1. Go through (1) modelled with pLDDT under 65; (2) over 27 Å from Lys15 (Cβ atoms); (3) surrounded by 11 or more Cβ atoms within 10 Å (Cβ to Cβ); (4) of a type in the set (Val, Ile, Thr) one by one and return the number of the condition Thr154 breaks.
2. Being assigned to a strand (DSSP E or B) and charged (D, E, K, R) is the filter; apply it to segment 1-15 and report the residue that is farthest from the chain's Cα centre (by Cα).
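The values are calculated or read from the model by the stated rules, or taken from the named source; none is laboratory data. For clarity, every value in this text was computed on a predicted model and none was experimentally measured. Cβ sites come from the backbone with ideal geometry, for glycine too, and all protein chains shown count toward neighbours.
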Amino acid sequence: MERIAIMVDGGFYRKQANKLFGKDRSAQERADELFEYCLHHLEEEDRSGKTSKGAKKKYINHDLYRIFYYDCRPLKSGTVFNPITKKNDKVGSVSNATWSNDFIDALTRKRKVAIRLGELSKIQYVIRQSSVKGLIDGKSSQIHKIKKPGSKST
């Protein structure tokens, strides 16, 4: 029997789960849902043999090695400039941050789940008017990062 590792992009999963399964879940319910969803992927249809019409499908069950959940904790506070609306958006709303932290904490209590947390970096972008015109026209564009004082250029 094969051992399977499952890797989950946390930000993508949360957005898709909200869209597909609804936003009205507690952090613990969402963590249980993710775990069950991953376990569902350990079962696959056996395609090695031919089955006659009307026969029940055979399934192969795999062992779970680990679920790797990649994400970062939400920003505690601050603002991020949105170049589309040309306004500063407030980040780190208390309810969203609390839910996200509770969700990650609920996952840490699950067996065979490994949490890999990164850090959000504060990068500010400036989109030049010529770049916006290129985007609208369907051409490739360049977005230039503003370097922090004392940071190395890459």
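1. Going through the list (1) modelled with pLDDT under 65; (2) over 27 Å from Lys15 (Cβ atoms); (3) surrounded by 11 or more Cβ atoms within 10 Å (Cβ to Cβ); (4) of a type in the set (Val, Ile, Thr), Thr154 breaks only (3).
2. Arg3
Each row is one residue, and each column tells you yes or no for (1) modelled with pLDDT under 95; (2) closer than 30 Å to Arg128 by Cβ; (3) not polar (S, T, N, Q).
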| position | (1), (2), (3) |
| --- | --- |
| Phe12 | yes, yes, yes |
| Ala55 | yes, no, yes |
| Tyr59 | yes, no, yes |
| Phe68 | no, no, yes |
| Leu75 | yes, yes, yes |
| Val80 | yes, yes, yes |
| Ser100 | yes, no, no |
| Ala106 | no, no, yes |
| Arg111 | yes, no, yes |
